[in-house]
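One structure below.
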Amino acid sequence: MLNKALSGSKGYWSWVVFLLILIGLGFACYLWQLNKGLTITGMSRDVSWGLYIGQFTFLVGVAASAVMVVLPYYLHNVKVFGKITVLGEFLAVSAIIMCMLFIFVDLGKPMRILNMILYPTPNSIMFWDMVVLSGYLLLNIVIGWKVLECEHQSVTPPHWTKILTYISIPWAVSIHTVTAFLYAGLPGRHYWLTAIMAARFLASAFASGPALLILLSYIVRRFSKFDPGKEAIQKLAAIVTYAMIVSVFFVGLEFFTAFYSRAPEHGMYTLQYLFAGLDGYSKLVPLMWLFAVLAVVALILLINPKTRSNDSGLKIACVATFVSLWIEKGLGLVVGGFIPNPFERVTEYAPTVPEVLITLGVWAVGFLLLTILYKIAVSVKEETA
Amino acid sequence: MEISRRHFLKIGGICVLGLVAQPLVKAFAQSDVSKASRDPKALTGKKWGLVFDATKCKYSEGCRECILSCHRTHNVPAIDDKKEEIKWIWAEPYENAFPGQGHEYIAAEIKEKPFIVLCNHCTDPPCVRVCPTKATFKREDGIVMMDYHRCIGCRFCMAACPYGARSFNFKDPRPFIKEENKEYPTREKGVVEKCNFCVERLDAGLMPACVEACPHKALFFGDLEEPGSDVSKILRSHYTIQRKPELGTRPNVYYIIV
Amino acid sequence: MIRMRDKPYIILGLVIFLGLLAFPFWYNVGKASAAPEPSLDTPAIRQLSQKQCVEARSYMRKSHMQLLNDWRNWVVRDGDRIYVAENGKKYEISLQNSCLQCHSNKAQFCDQCHNYVGVAPDCWTCHIEPEENK
């Protein structure tokens, strides 16, 4: 089936070349980073994780795209998702690969990464994150590929794919939970130390993953003869709606606890920093308000059935959902956790140009993979349709 | 040429497994009959601790002996850029060292009084808990130790430490070391580092460099589990506090305020 | 299934892959270098009454990397800093303060061999080399 990725229109190839250029730029910057160290990034002693780990955290959420089509299809017999399960799974595969790359580029000593396997440390959440992420990656590659292959050959998929699919459902929950535990178990990081973290991760994942999947479905429909189907998209839109409502609700809960209790150990200072500025530092304030505005826009467009069932309304809603959650989780959550620092001082963070280029490079790797996988999937679907 | 893909993948898979297994087997096959022993001169303790007496410290008058001595002994680079600074021991004003333990009417001389801060060598250290490679671990004598050979530079420990005690080598530290101590290694770009309670000196029978260097006897070091040690006596006879005790890390550095 | 008509491509791919894999070998072709002669001529060794390493020469030659590995684990992880050699002699466990005290001519000693076999132990970004090698 791989050869299906090797023939395509001019548009397809321009897109691939564009991604390759981004990858090349990112790779060059990465070589520079290897040579100079992480000093070329905007990270500091106080804000010791930045854009890379933020992307990682956000993309773990995007990987939920798979479970949100698989679960209704297999457990609730929602037939319309049958056509697009593979799209959800391949999106998850690309997202997880990006996650792993983001962890990798964030390491100070990447050549020692095998130490995580040579000295397995079960008390470290990072160890479990490695285990669940690689497991989820494997599950989705195997299931997605095998089922697509069977479709290609017009045979019914073997029974074991179904078993693996059932396993992949709770497994998807585990990746968000364990990733949330990276943050939620650290004493002294008030903004992260909240039992609701895993629930927040699940909610925002179930919004951002399917939102991207909807947008990708529209793109697939526009550029190929394969139509994921209006009904499937509408079902996904309903999922995004609920998940987005719950996400925003959870963020609201954090606000309440912080500001009504007024106890600093519930993250009040961080929220102040993020949304109003603290001690005269306010770099992230405009972005966080953009998050708030986009979230409201998304909710209005999603909750109103008229706009939700309208193609352009839904597209805007999905973009708004995706971008707002990207800001909240991919930037505000990670960077905010470090502000103020353990001495109650504010050190701000802003990514540098090479850091942004490396980040774009990793996204480009993910999108290249996604493009190839979708090209194959869509070609198979076009043939069998 | 009728090899099915399934067969090919099987063989390939086994080969990959073998490649992964090789270093694993190697790691476990290490000779573990230790032919090494402790230095008979080594200071031994069950739980090392340090007491800082703010009433004696002359930091405000310009004394920096503990810091200089520590940083010289351990080849800690002097990087001016605050964002990439590396420090094992330094001073913080009361209100920053003990956030939440002051109030608005506190005497100005206490509020701004410098307190020496360093790794607390917690009894229940979060950094050890989160390290994915056991590069940070706890010795039997309570010292939270780093194995720089194993650190992958993920900086999870920096996120976990509530005391800001850890520094990351954002760049090659060597150009920033004024005079190298040839007897101790430096670190390199990409690893985290922090105070080690001078294990290399304790193991050779010496007191920590900061304690030895303090000309005003403001630092005390000893075994907290040993009732006769200096630190135990001081803790029994003075009112002392710890940094952020509410976090449950049980720090082993204590402070005499007044 | 691997199809018959793909065979030439597969073989070509394999050949290129193997060629790349063998890069270190053909890169060094024609550069045949003389067998290394690590020099033992250092002030510290000159003063030794018995010209002896921490362990027998054959053992050192073969297993010094393993020994160094053990050394650092004993020191860093167990706090044991005295090495008791096969013959009962004791040494301070230290790369900088023992090995390189005697072998202070790192460039003519360690590096000689390592360059020959093409290994580059990454110790010297942290461990400080003796003065004369800079």
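The values are calculated or read from the model by the stated rules, or taken from the named source; none is laboratory data. It should be emphasised that the depicted structure is a prediction, and the values quoted were computed from it without experimental measurement. A quick note on method: Cβ atoms are made from the backbone with ideal geometry, for glycine too, and the neighbour counts reach across all protein chains shown.
Scanning segment B:65-85 for residues being without any contact (Cβ under 8 Å) to a residue 40 or more places away in the chain and surrounded by 18 or more Cβ atoms within 10 Å (Cβ to Cβ) gives a total of 1.
Determine whether segment C:54-64 contains at least one residue that is away from chain B (no Cβ under 13 Å), surrounded by 12 or more Cβ atoms within 10 Å (Cβ to Cβ) and in contact with a Ser or Thr (Cβ under 8 Å, 6 or more places away or on another chain). Looking through segment C:54-64, none of the residues is away from chain B (no Cβ under 13 Å), surrounded by 12 or more Cβ atoms within 10 Å (Cβ to Cβ) and in contact with a Ser or Thr (Cβ under 8 Å, 6 or more places away or on another chain). Would you confirm whether or not segment C:65-84 contains a residue that is farther than 24 Å from B:Val191 by Cα and in contact with a Cys (Cβ under 9 Å, 6 or more places away or on another chain)? Taking every residue of segment C:65-84 in turn, none turns out to be farther than 24 Å from B:Val191 by Cα and in contact with a Cys (Cβ under 9 Å, 6 or more places away or on another chain). Of the listed requirements (1) over 30 Å from A:Val380 (Cβ atoms); (2) surrounded by 14 or more Cβ atoms within 10 Å (Cβ to Cβ), A:Ala263 misses just one: (2). Picking from residues in segment A:168-181 that are of a type outside the set (Gly, Ala, Ser) and surrounded by fewer than 23 Cβ atoms within 10 Å (Cβ to Cβ), the one that is farthest from the other protein chains (Cβ to nearest Cβ) is A:Ile169. Is segment A:43-56 home to any residue that is more than 14 Å from chain B (Cβ to nearest Cβ) and under 23 Å from A:Leu373 (Cα atoms)? Yes, segment A:43-56 contains a residue that is more than 14 Å from chain B (Cβ to nearest Cβ) and under 23 Å from A:Leu373 (Cα atoms).
Look through segment A:276-288, keep the residues that are of a type outside the set (D, E, K, R) and more than 19 Å from A:Pro351 (Cα to Cα), and return whichever of them is surrounded by the fewest Cβ atoms within 10 Å (Cβ to Cβ).
Applying the filter and picking the extreme gives A:Gly280.
Starting from residues that are under 16 Å from B:Val144 (Cβ atoms) and basic (Lys, Arg), keep the ones in segment B:216-253 and report whichever is farthest from the other protein chains (Cβ to nearest Cβ). Among residues in segment B:216-253 that are under 16 Å from B:Val144 (Cβ atoms) and basic (Lys, Arg), the one farthest from the other protein chains (Cβ to nearest Cβ) is B:Arg250. Filtered by the rule that a residue be closer than 18 Å to A:Phe343 by Cβ, modelled with pLDDT under 95 and charged (D, E, K, R), segment B:84-130 gives B:Glu95, B:Lys111, B:Glu112, B:Lys113.
Can you work out which of the residues in segment C:99-128 that are surrounded by fewer than 15 Cβ atoms within 10 Å (Cβ to Cβ) and within 13 Å of chain B (Cβ to nearest Cβ) is nearest to C:Lys62 (Cα to Cα)? Among those that are surrounded by fewer than 15 Cβ atoms within 10 Å (Cβ to Cβ) and within 13 Å of chain B (Cβ to nearest Cβ), it is C:Pro121.
Looking across segment C:82-94 at every residue that is out of contact with any Lys or Arg (no Cβ under 7 Å at 6 or more places or on another chain) and buried (at least 19 other Cβ atoms within 10 Å of the Cβ), the one that is nearest to the other protein chains (Cβ to nearest Cβ) is identified as C:Ser94.
For segment A:246-253, the condition of being over 23 Å from A:Phe181 (Cβ atoms) and among the β-branched types (Val, Ile, Thr) holds for none of the residues. Tell me, please, whether a residue that is more than 13 Å from every other protein chain (Cβ to nearest Cβ) and surrounded by 14 or more Cβ atoms within 10 Å (Cβ to Cβ) can be found in segment A:114-130. Within segment A:114-130, none of the residues are more than 13 Å from every other protein chain (Cβ to nearest Cβ) and surrounded by 14 or more Cβ atoms within 10 Å (Cβ to Cβ). For segment B:225-258, a residue qualifies if it is in a strand (DSSP E or B) and of a type in the set (S, T, N, Q), and exactly one does: B:Thr240. Across segment B:50-89, the qualifying residues are those that are in contact with a helix residue (DSSP H, G or I) (Cβ under 6 Å, 6 or more places away or on another chain) and in a strand (DSSP E or B), and the one among them that is nearest to B:Val144 (Cα to Cα) is B:Ile89.
Residues in segment A:187-204 that are free of Cβ contacts under 8 Å to residues at least 24 places away in the same chain and either closer than 15 Å to A:Trp128 by Cβ or crowded, with 22+ Cβ neighbours inside 10 Å (or both) were compared, and the one that is farthest from the other protein chains (Cβ to nearest Cβ) is A:Ala198. Of the residues examined, A:Val380 is not one that is within 12 Å of another protein chain (Cβ to nearest Cβ), touching a residue at least 12 places away in the same chain (Cβ under 8 Å) and part of a helix (DSSP H, G or I). Here the condition is being within 25 Å of A:Ala237 (Cα to Cα), surrounded by fewer than 22 Cβ atoms within 10 Å (Cβ to Cβ), in contact with a Leu (Cβ under 9 Å, 6 or more places away or on another chain) and modelled with pLDDT of 95 or more; of A:Val323, A:Val293, A:Val365, A:Val378, it holds for A:Val323 alone.
Taking segment A:293-351 and the helices (runs of 4 or more DSSP H) fully enclosed by it, the elements with 1 or more residues that are more than 23 Å from A:Leu186 (Cβ to Cβ) and in contact (Cβ under 8 Å) with a residue 24 or more places away in the chain are at A:305-308, A:311-327.
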